[in-house]
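Right, one structure below, let's go through it.
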Amino acid sequence: MTSFNLSEWALRHRSFVIYLMIAAALAGLYAYQGLGREEDPPFTIKTMVVKTMWPGATTSDTVEQITDRIEKKLEELPDLDYVKSYTKPGESVVFVNLKDTVAGDQVQPLWYQVRKKLDDIKPTLPSGVQGPFYNDEFGDTYSLIYALTSDSLSHRELKDLASSLRAGLLTVKDVAKVDLVGQQDEKIYLEFSTRKVAALGLDVGTLSQALQAQNELTPSGTVDAGPERIAIRVSGSFTSEESLKAINFHANGHYFRLGDVAEVKRAYSDPPQPLFRFNGRPAVGIAISMTAGGDALALGENVKEKMHEMEAELPLGAELGLVADQSHVVEESVGEFTKSLGEAIAIVLAVSLLALGWRPGIVVAVAIPLVLAITFVTMEYFGISLQRISLGALIIALGLLVDDAMIAVEMMISRMEEGHDKISAATYAYASTAFPMLTGTLVTIAGFVPVGFAKSGAGEYCFSLFAVVGIALVVSWIVAVLFTPLTGVFLLPDRI
């Protein structure tokens, strides 16, 4: 009983195999258009920042009561590499760094453990402590940054306008998130007159407690109205500066308004939060991040189109300016590698034609676009985008993926020189070389395994090198034993 011969099967089902070749080429062209385009492959930053505020505390108090206690609790975290902290009066910043061997998909569960452990000690921190606050997304990059400026609108109006633009941008394809940069928080400041407070026999602490009690939301029961139940609550919440000024206090047998003993005014935080300026003018930045595996070029076009639509609806005096556009950088980066890939394909084709002759050279040349097409389809299926590493992998694989096709063609030619016809030569090529070729292909792929499975940030960054080379080489073997014999039968001469 003879073993199954894939090349013989392909020759007996020529119409179906030709259909597969055409379908693979068209699917590859479609997949190439849909592949994400990025400058670099995505990778996980294994650092979290924990920030805690304690207004009014000294540096030594902040270290003893906050920083040291947070660091000791974090020592319980598995896979912790080291902790680095900075402390200044009233502020503690702790950097949590994981080991480089931690897999990317295990980082978020560890950040959850950090939050859980620090939330456990939060009730034991001194009164007045704000936080801890966690930031594990500071490694996100922004694909585009716009600046919203105006000479006639206030910062508050600019911030509201930027928020409405943000809502519109979140509907654009491939937009992951939109952050507003440089916005300043507004606060209500109470400046008490010490002379008036002393004359009434009050102290600022008593007034603060009274204000907190006034601002509480207290449930007051419910009222049953047929099938409906209506909740009742007593609210003394403040809605504006005027509502604060109108608050009445009772002291020493007299009632007085808060506005009689304190100046109530709205202002921005002092010292201010990080400011954003564009061409020397105060602005609110609109920073746009792309989803993982998205197309930076398409994102740039879609965002600009959306911004152009919304810019027409801006009030008079408001202007939008483009600060940064990563799509241009990606276009140049990917374009340069794509150009190199095209040059490499041309060189391989030229060498094949010169070394083998025009007919065998064309047989090998047909295999190259088929291998690339199927590779693009597989890359899209696994979510591998076009970036520096994957394009470099294609260039590396290009010199290897023609080997199997060349071996198959040369074996056919050698067999035909012995007097055999093309069909028997094609089937003999599979029987004699298919599995040695497969073994050689797998050995070559094995050389890239350490790169793909290295337990480090470099391994995560370079994983697409192993993946793309492996995919391309396996596909090249399939093309060499399935498609190349058929193209050889069509293109090679009957007698050599």
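Results for (1) loosely packed, with under 13 Cβ neighbours inside 10 Å; (2) in contact with an Asp or Glu (Cβ under 6 Å, 6 or more places away or on another chain), shown as yes or no for each residue.
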{"residue": "119", "(1), (2)": "yes, no"}
{"residue": "125", "(1), (2)": "no, no"}
{"residue": "130", "(1), (2)": "no, no"}
{"residue": "136", "(1), (2)": "no, no"}
{"residue": "144", "(1), (2)": "no, yes"}
{"residue": "161", "(1), (2)": "no, no"}
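On the basis of being out of contact with any strand residue (DSSP E or B) (no Cβ under 6 Å at 6 or more places or on another chain) and over 30 Å from residue 102 (Cβ atoms), does residue 435 make the cut? The answer is yes for residue 435.
Listed here are the helices (runs of 4 or more DSSP H) enclosed by region 291-409 that have at least 1 residues being over 30 Å from residue 167 (Cα atoms) and in contact (Cβ under 8 Å) with a residue 24 or more places away in the chain: 326-356, 358-382.
Only one entry of 432, 456 meets the criterion of being under 16 Å from residue 7 (Cα atoms), touching a residue at least 12 places away in the same chain (Cβ under 8 Å) and among the small types (Gly, Ala, Ser), and that entry is 432. For region 411-422, the set of residues classified as at pLDDT 80 or above and surrounded by fewer than 16 Cβ atoms within 10 Å (Cβ to Cβ) consists of 414, 417, 418, 421, listed by residue number.
On the given criteria, is residue 386 within 18 Å of residue 296 (Cβ to Cβ), in the same structural domain as residue 28 (by TED's automatic domain parsing) and of a type outside the set (S, T, N, Q)? Yes: the conditions hold for residue 386. Of all residues in region 43-54, those that are under 10 Å from the mean Cα position of the chain (by Cα) and crowded, with 16+ Cβ neighbours inside 10 Å total 1.
Looking at region 413-427 only, could you name the residues that are in a helix (DSSP H, G or I) and either under 11 Å from residue 493 (Cα atoms) or over 52 Å from the mean Cα position of the chain (by Cα) (or both)? Explain how you work it out, then say what you get.
First, pick out the residues of region 413-427 that are in a helix (DSSP H, G or I): 413-417, 422-427.
Hits for region 413-427 are 413, 414, 415, 416, 417, 422, 424.
Among the conditions (1) under 35 Å from the mean Cα position of the chain (by Cα); (2) surrounded by 16 or more Cβ atoms within 10 Å (Cβ to Cβ), the only one that residue 450 does not satisfy is (2).
Can you pull out the residues in region 437-489 that are among the polar types (S, T, N, Q) and not in a helix (DSSP H, G or I)?
To start, the set of residues in region 437-489 that are among the polar types (S, T, N, Q) comprises 439, 441, 444, 456, 464, 476, 484, 487.
The answer is 456, and nothing else.
Listed residues 22, 45, 18; which is of a type outside the set (Phe, Trp, Tyr), touching a residue at least 60 places away in the same chain (Cβ under 8 Å) and part of a helix (DSSP H, G or I)?
18
Of all residues being in contact with a strand residue (DSSP E or B) (Cβ under 7 Å, 6 or more places away or on another chain) and under 17 Å from residue 66 (Cβ atoms) in region 123-143, which is modelled with the lowest pLDDT? Just the residue, please. The extreme case among them is 131.
Please tell me if residue 31 is in contact (Cβ under 8 Å) with a residue 40 or more places away in the chain and surrounded by 18 or more Cβ atoms within 10 Å (Cβ to Cβ). Break it down stepwise before answering.
Working: in contact (Cβ under 8 Å) with a residue 40 or more places away in the chain: yes; surrounded by 18 or more Cβ atoms within 10 Å (Cβ to Cβ): yes.
For residue 31, the condition - in contact (Cβ under 8 Å) with a residue 40 or more places away in the chain and surrounded by 18 or more Cβ atoms within 10 Å (Cβ to Cβ) - is met.
For region 350-359, the criterion of being surrounded by 22 or more Cβ atoms within 10 Å (Cβ to Cβ) and not charged (D, E, K, R) is satisfied by at least one residue.
Being basic (Lys, Arg) and within 17 Å of residue 491 (Cα to Cα) is the filter here; which residues of region 356-403 pass it?
Of everything in region 356-403, just one residue is basic (Lys, Arg) and within 17 Å of residue 491 (Cα to Cα), namely 359.
Say we look at region 473-496 and pick out the residues that are buried (at least 21 other Cβ atoms within 10 Å of the Cβ) and of a type outside the set (A, V, I, L, M, F, W, C); which of these is modelled with the highest pLDDT? Here the answer is 476.
Could you please find all residues in region 277-292 being at pLDDT 85 or above and either of a type in the set (A, V, I, L, M, F, W, C) or in contact with a Gly (Cβ under 6 Å, 6 or more places away or on another chain) (or both)? Matches in region 277-292: 278, 283, 284, 285, 286, 287, 288, 290.
The values are calculated or read from the model by the stated rules, or taken from the named source; none is laboratory data. Model, not experiment: these values are computed from the prediction. Ideal geometry is used to build each Cβ from the backbone, glycine not excepted, and the neighbour counts take in all protein chains shown.
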